[in-house]
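> This is the structure, below, for whatever I ask next.
The values are calculated or read from the model by the stated rules, or taken from the named source; none is laboratory data. What you see is a predicted model; the values in this text were computed from it and never measured. Virtual Cβ from ideal backbone geometry, glycine too; neighbours counted across all protein chains shown.
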Amino acid sequence: MAILADCHMHSHHSGDSDASMESMIESAINAGLETISFTEHQDFDYPKSPEGETEFCDENSFMLNADSYLYELLSMREKYKGKIRIEFGLEVGLQQSCVKKNLIFCKDHEYDFIIASLHVVGGKDPYYKSFFEGRSEKEALTEYFKEYYENIKKFHNFDVLGHLDYLVRYFPSGNHEYNYSEYGDIIDEIFKHLIENEKGIEINTKAMSKGMKEFHPCMAALKRYRELGGEIVTVGSDAHKPENIADHFDKVPDVLKEAGFKYYCIYENRLPEYHKL
Ligand SMILES: [Zn+2]
Ligand SMILES: [Zn+2]
């Protein structure tokens, strides 16, 4: 079966997208999708861009106006009733410094779906090369996974962990593969914690749109999560533009089946629905 839901996408309500909700929805309908989840960014304490960078960001860049987001989403739901199901989702940026703020923010609205993602490590965004200064890619990736683990032990109000190994996207060497076994212990801790707490992971297909050979997370991680008993996996393109919706979704069923999954999930009212692959 084809994947009929894109559960990770952004619109102009996120600081790094200019897309109208309407253009995203139209594109999803054209792609044959039955369900989409908008998952707009909320990142508290986002760091100021390093000196010399052309794009400027600061602590306000990824602050979501959840009320206007919900207001527009509800009008879109009305407009596209019977054509596509539109879920009210959130991608919340994890940082140990803002656990409390995130908890309050997430409780403030009745989201259908919450993805927890790590975009900032030690006060720095790996999107910028300066993140890697003074350390190897291996050290950076180890810190990244450890930071994920520390955060999910403190912050619980989410459904799936976003793009688990996305740091590799920014490796300065341009090599985006990593030896999974070198990080197996810490990733096991993450997976065990998620499974015990009935939370899932996502397949984020944006990696392939960036020219990488595998999705986030890689096949070795998907297999291990399944082996440990993990069953919840959502599928998302992480599109910030209409043309990227459902990117590479044709490859997802085979990848998931190879990893041992029989279902993918869609969240509504914070509960997973299981759909056959
Ligand atoms: Zn993200
Ligand atoms: Zn995203």
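> Select from the stretch 156-182 the residues that are small (G, A, S), more than 16 Å from ligand 1 (Cβ to nearest atom) and either modelled with pLDDT under 95 or under 20 Å from the mean Cα position of the chain (by Cα) (or both) and list them in ascending order.
S173, G174
> Continuing with the same structure: Show the residue pairs that are 6+ apart or on different chains and have beta-carbon atoms under 6 Å apart, the first residue being within the stretch 28-55 and more than 23 Å from S68 (Cα to Cα) and away from ligand 1 (no atom under 16 Å from the Cβ), the second being in a loop (DSSP other than H, G, I, E, B) and acidic (D, E).
Sorted first by the residue in the stretch 28-55, then by its partner, the pairs are K48/D58.
> A further question on this structure: Go through the stretch 175-214 and report how many residues are surrounded by fewer than 19 Cβ atoms within 10 Å (Cβ to Cβ), in contact with a His (Cβ under 9 Å, 6 or more places away or on another chain) and in a helix (DSSP H, G or I).
2
> Residues I187, I152: which one is β-branched (V, I, T) and under 30 Å from E110 (Cβ atoms)?
After ruling out the rest, the residue left standing is I152.
> While we're looking at this one, here's another question. Could you give me the residue pairs with C-beta distances under 7 Å whose first residue belongs to the stretch 1-26 and is part of a strand (DSSP E or B) and small (G, A, S), whose second residue is away from ligand 1 (no atom under 16 Å from the Cβ) and at pLDDT 95 or above wherever it lies, and which are 6+ apart or on separate chains?
Final answer for the pair search is A5/L33; A5/E34; A5/T35; A5/I36; A5/I266.
> Name the residues in the stretch 215-244 that are assigned to a loop (DSSP other than H, G, I, E, B) and within 16 Å of ligand 1 (Cβ to nearest atom), would you?
Scanning the stretch 215-244 gives F215, P217, S237, D238, H240, K241.
> Okay, next question. Scan the stretch 142-193 for residues that are under 23 Å from D6 (Cβ atoms) and of a type in the set (G, A, S) and jot them down.
G162
> Sticking with this structure for a sec: Looking at the stretch 190-199, can you tell me whether even one residue there is at positive phi and out of contact with any Asp or Glu (no Cβ under 8 Å at 6 or more places or on another chain)?
yes
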